[in-house]
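Here's the structure, in structure tokens; my notes come after.
The values are calculated or read from the model by the stated rules, or taken from the named source; none is laboratory data. Because the structure is predicted, anything quoted here is derived from the model rather than measured. Positions of Cβ are generated from backbone atoms using ideal geometry, with glycine treated the same way; all protein chains shown enter the neighbour counts. Please note that ligands, DNA and RNA were not included when accessible areas were found on the heavy atoms of the full protein model with its side chains. Shrake-Rupley method; radii C 1.70, N 1.55, O 1.52, S 1.80 Å.
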Amino acid sequence: MNDLVKRSGRGIYVQGNDIDTDRIIPARFLKCVTFDELGPALFYDERFDTQDVSKGHILDAPAHQGASVMISDANFGCGSSREHAPQALQKFGFEVIIAESFAEIFQGNCTTLGMPCLVMDKAQRKALASLVGHHPDAEFLIDLQAQTLTFANERFSFTMKDSSREAFLTGRYDPLDELLVAHEAIQAVAARLHYSDQSG
Amino acid sequence: MAKNLYQKVWADHLVGPLENGQFQVFMGLHLIHEVTSPQAFGMLKAEGRHVFHPGRTFATVDHIIPTDDQRRPFSDPMAERMMAVLSDATEMHGIEFFQPNSGSQGIVHVVGPELGLTQPGITICCGDSHTSTHGAFGCIALGIGTSQVRDVLASQTLAMDPLKVRRIEVTGQLAPGVTAKDVTLHIIRILGVNGGVGYAYEYAGDVIDVMTMEERMTVCNMSIEGGARCGYINPDQTTFEYLKGRERVPSGAGFEQAVIRWAGYASDPDASYDDVVVIDGSAIEPTVTWGVTPGQALGISERIPDPAAAEGLDQELMTDALRYMQLEADAPIKGTKVDVAFIGSCTNGRLSDFQAVAAAIQGYKVAPDVRAIAVPGSVRCAAPEEEGLADIFKDAGFEWRLAGCSMCLAMNADKLVGDEVCASSSNRNFMGRQGSSSGRTILMSPIMVAAAAIQGAVADAREVFQLEKTS
Ligand code: SF4
């Protein structure tokens, strides 16, 4: 039942405030000309040591394999504007991210990719994180319209950035077609701005 | 009605509202580089779209470029591939590309201002968060993701939410030896790494007014580290003088007209703001980081904070940061041993940064066990051979490299090894940022990096170079 407005899936709690995009995807993995291969590199340096041996990170715990809802803490996705970070999360299998707050560029990138960022207060997130730990097999039911999340018979509420929620409700999370419709208005704005010709 | 600069630029560039409540905004200047743009050209191709206005997009190569030998093909095959893809895409779409041999190559945020592409009152975007740098000229400059790079290539516009504006007034006068970098680290320390979420920062006040353009760029550069989407400084005489005579700036009567237009974008004296913060500039010390976010910073004379005094998750994060940094609570930061010294990046890799350090380091030598590298932000800022900049750095024991991002994020061969500690003039001290997953970064100003290089440990540049007496 993963339509745009309703999402479901199993969850995982990745703890930490200020989890930056360098941690989500270390810079050496940015050497690519497409985003296709990024999934396995997600959180690489937190999951593996320098010999590529697993450090037993929660993402690699057998119970959480296949999770598609990530719960984290404040200021998730801060740092660089690299879309490699949300792309790596999505390619790894995540479809929804829940946090106390999100860095703005990251949040915008996620929306364009069709991956909602849900804002949930600390008390609810703590309860949810502990429930997920005990019930890794249980399914989340997320309703973006009602802004509610049901898990293990408990109900939680969240908020979303208005424009992002609206984008999912209307199915217009990729804005490009709408931007192109305004072709004439764009030309009009370009004409009224007194930009100088900068070509060399 | 009185308006601030953000509101004026927004109004001029607004195309119209979008269905989801966002707004479509025209982008005057689009800068691209090899890390975040090749994928966007791939998307365009897959969707059968073309570039709408190639004359408003300019490309450079900075992140992956080697700083020792820039001859093609690059020794790293993946770096060569990224370079080749960008080169082909720009050629195919008629986009000007500042290649290494063009005489204009460098870090995207150094090149734009240097050439005069960056101008007051315009909108700028680039698939790179430090695009906020350009705001120093009184424009709205935004870092964007790759899908948005695609949007701008295809439509020259972006879907945006309007930002709130916080005016940050830095009052008084900086003490000798205190730099723009210290100001920006201090602001982030006070307002927090996510204090700016939802805001554009307008920097103002006596301290900002007397800054050079290079110093203003350093301040605006790190707006993003404070969570703000962009930062700007109202254009004034300093701005116009910097721009006069630059290659991509109109000359003669065209320049005079441009100045009148540019000046009109400055915030009106009675403009209103969503928030105002006043910071006493006279109280700022040379500032360095102790942890793994730019907000985990302290004055050079202070002691590292004790997590025991914090609560909850903060306490855990401080404890984690100290464990990662292998530092002890309540110890002085001064005297922390460093292994590597890096002067460069879009924060502090401009000509004036190297000039300031060069003026101080003559007669000094880098400590024997420190690896020190100086990496100019652009070909042009490495150019003034007659000043003998490179020789001064080399005589002091620095390696002098070719232009690029280098060890700021270590996408080329310039990396920390193991848990080395790096005194760095860059902008991010995130875990693993400088190329080793256990590497440790201490952010500071270029002159503080030079002092650390010479002492082999975090030091107060004012003492090392007797700055208090000379300035
Ligand atoms: S110097 Fe560093 S922060 Fe600046 S553009 Fe390059 S990698 Fe990004």
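Where helices (runs of 4 or more DSSP H) fall wholly inside the stretch B:28-140, the ranges with 1 or more residues that are surrounded by fewer than 24 Cβ atoms within 10 Å (Cβ to Cβ) and among the hydroxyl-bearing types (Ser, Thr, Tyr) are B:77-93.
For the condition away from chain A (no Cβ under 14 Å) and over 23 Å from the mean Cα position of the chain (by Cα), B:Arg323 does not qualify.
I want to confirm something. Restricting to the stretch B:434-445 and keeping residues that are open to solvent by less than 10 Å² (accessible area, probe 1.4 Å) and not polar (S, T, N, Q), which single residue is farthest from the other protein chains (Cβ to nearest Cβ)? Result: B:Met444. Candidates are the residues of the stretch B:342-359 that are open to solvent by less than 10 Å² (accessible area, probe 1.4 Å) and away from the ligand (no atom under 16 Å from the Cβ); the one that is farthest from the other protein chains (Cβ to nearest Cβ) is B:Ala358. Evaluation of B:Met407 against the conditions (1) part of a loop (DSSP other than H, G, I, E, B); (2) within 13 Å of the ligand (Cβ to nearest atom); (3) within 14 Å of another protein chain (Cβ to nearest Cβ) shows that the sole unmet condition is (1). Note on the stretch B:254-311: residues that are part of a loop (DSSP other than H, G, I, E, B) and under 27 Å from B:Gly138 (Cβ atoms) total 14. Residues in the stretch B:5-27 that are in a helix (DSSP H, G or I) and either facing chain A (nearest Cβ under 9 Å) or in contact with a strand residue (DSSP E or B) (Cβ under 8 Å, 6 or more places away or on another chain) (or both): 7 in all. Within the stretch B:413-428, the residues that satisfy the criterion of being more than 11 Å from the ligand (Cβ to nearest atom) and within 10 Å of chain A (Cβ to nearest Cβ) are B:Lys415, B:Gly418. In the stretch B:360-385, the qualifying residues are those that are assigned to a helix (DSSP H, G or I) and modelled with pLDDT under 95, and the one that is nearest to the ligand (Cβ to nearest atom) is B:Cys381. Counted as qualifying within the stretch A:76-150 are the helices (runs of 4 or more DSSP H) with 3 or more residues that are within 14 Å of chain B (Cβ to nearest Cβ), away from the ligand (no atom under 16 Å from the Cβ) and within 9 Å of the chain's Cα centre (by Cα), namely A:84-92, A:104-112.
Inspect the stretch B:176-188 for any residue being within 14 Å of chain A (Cβ to nearest Cβ) and in contact (Cβ under 8 Å) with a residue 40 or more places away in the chain and give the result as yes or no. The answer is yes, given that some residue of the stretch B:176-188 is within 14 Å of chain A (Cβ to nearest Cβ) and in contact (Cβ under 8 Å) with a residue 40 or more places away in the chain. Return a yes/no flag: does the stretch B:371-384 have any residue that is of a type outside the set (A, V, I, L, M) and free of Cβ contacts under 8 Å to residues at least 12 places away in the same chain. Scanning the stretch B:371-384 turns up no residue that is of a type outside the set (A, V, I, L, M) and free of Cβ contacts under 8 Å to residues at least 12 places away in the same chain.
Apart from one condition, B:Gln148 fits all of (1) open to solvent by 10 Å² or more (accessible area, probe 1.4 Å); (2) more than 9 Å from every other protein chain (Cβ to nearest Cβ); (3) more than 16 Å from the ligand (Cβ to nearest atom); the exception is (2).
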